Amino acid sequence: MVRDLFDDEMFAEEPPPPERPPREPRRRRVAVLRGETAKRILVAIPWIAFAIAIVVAGGLVFALAMVAIGLLCLREYFLMTAPLRPVQMAAYIAVAAMIVAAHFGTAFNVLLLATAAFPLLFVFGARRHPRQGVLVAMGVTVLGAVWIGLPLVHAVLLRDLPDHGAALLIDVLVGTFATDTGAYATGRMFGSHRIAPDLSPNKTIEGLLGGFLIGTMAFWFAGLYQDWLSGVDALIIGAAVAAIGPLGDLFASMVKRDLGRKDTGRLFGPHGGLLDRLDAVFFTIVAGYYLSVQLVY
């Protein structure tokens, strides 16, 4: 009778909590990790050799290589954003001009050309018929030029630093690669707490911490062979590189998720496009340049 005075739901038994799917056996996870890591390294080897070659060459060779990389990255970006009708030619011209200005001129010349890109963007945008959606198209174009162009400008500025530019650039690349590989390995082995499942569901706090420690120590270890780079400075730059690298990765994931894309391209086959490989570098190279100027010079 008392039971009738209350809602039956008050006396209903609570359903048992859903069971978590069992994790892969440790042996299987180790085997998968080894296989995937080996694939990543094999794919990266020719590009690592290419990176070392152009960094060692330096000068105009390096600047022209950055122009080529910039145009390839813009091509991938514009293929992804094609429905938004970006003003492609304006971005191609602006990015190439800024990179060349970084080598032959100064930061002032880069800023001058970046400012001149806006009238250029207007000229190409005004010629469109119909002009519906031109505001979105110009916004998408500016994002691509800034996201891709400015980091490559900083790569040239870093490489052109006197005496130690090449070594510092390689250190940044080593730290970035170690952070990414370390985060993947530790996340695969021990990861259970996701960071941003809506952006990148495979990234975990455990992987983030593992990548940070491995990337920082990789930069520090590289600095042991450079007597002009103190251990403290190497740790500071390495920690900054390891901390900001995942942000570049998540930024690219946000762009791809909004555009409904898994990868930016197919240049690396199942490992994605050039933008997929450089997303972290586009963030770390900027931090590496300014910290190098502040601490080393």
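Some observations on this one:
- When the square roots of the Cα gyration tensor eigenvalues are ordered a ≥ b ≥ c, the ratio a/c for the stretch 130-275 is 1.5 or more and a/b does not exceed b/c, which makes its shape oblate.
- Placed amide H near Ile195: partners under 5 Å, 5+ positions off or other chain: Lys203, Thr204, Ile205
- The accessible-area ordering, largest first, of the residues Arg85, Arg75 stands as Arg75, Arg85, per a 1.4 angstrom probe.
- Accessible-area ranking of His271, His129, largest first, probe 1.4 Å: His129, His271
- Separation of alpha-carbon centers, the stretch 227-297 and the stretch 153-218, rounded to whole Å: 7 Å
- Rounded tilt (10° steps) of 134-144 against the dominant C-alpha axis of the chain: 80 degrees
- Tensor-based shape of the stretch 77-127 (alpha-carbon gyration tensor, a/c under 1.5 rounded, otherwise prolate or oblate): oblate
- Global geometry of the stretch 41-134, whether rounded, prolate or oblate, following the gyration tensor of its Cα atoms and the 1.5 cut on a/c: oblate
- Cα centre as origin, Lys/Arg/Asp/Glu Cβ charges: the chain dipole, Debye: 1100 debye
- With all protein chains in place and ligands, DNA and RNA left out, the 1.4 Å accessible area ranks Ser192, Ser200, Ser230 as Ser192, Ser230, Ser200, largest first.
- Angle in degrees between helix 281-295 and the longest Cα principal axis of the chain, rounded to the nearest 10: 60 degrees
- Across every pair of non-identical alpha carbons in the chain, the mean reciprocal distance, once inverted, gives a Kirkwood radius of 21.3 Å.
- If the chain linking Leu259 and Ala107 were pulled fully straight, counting 0.36 nm for each residue of separation and taking away their Cα-Cα distance, it would gain 51.4 nm.
- Degrees between helix 59-80 axis and first principal axis of the chain (Cα, 0 to 90, nearest 10): 40 degrees
The values are calculated or read from the model by the stated rules, or taken from the named source; none is laboratory data. Note that the structure is predicted; figures quoted are calculated from it, not measured. Cβ atoms come from the backbone with ideal geometry, glycine included; neighbour counts cover every protein chain shown. Heavy atoms of the whole protein, side chains included, go into the accessibility calculation; ligands, DNA and RNA do not. Shrake-Rupley method; radii C 1.70, N 1.55, O 1.52, S 1.80 Å.
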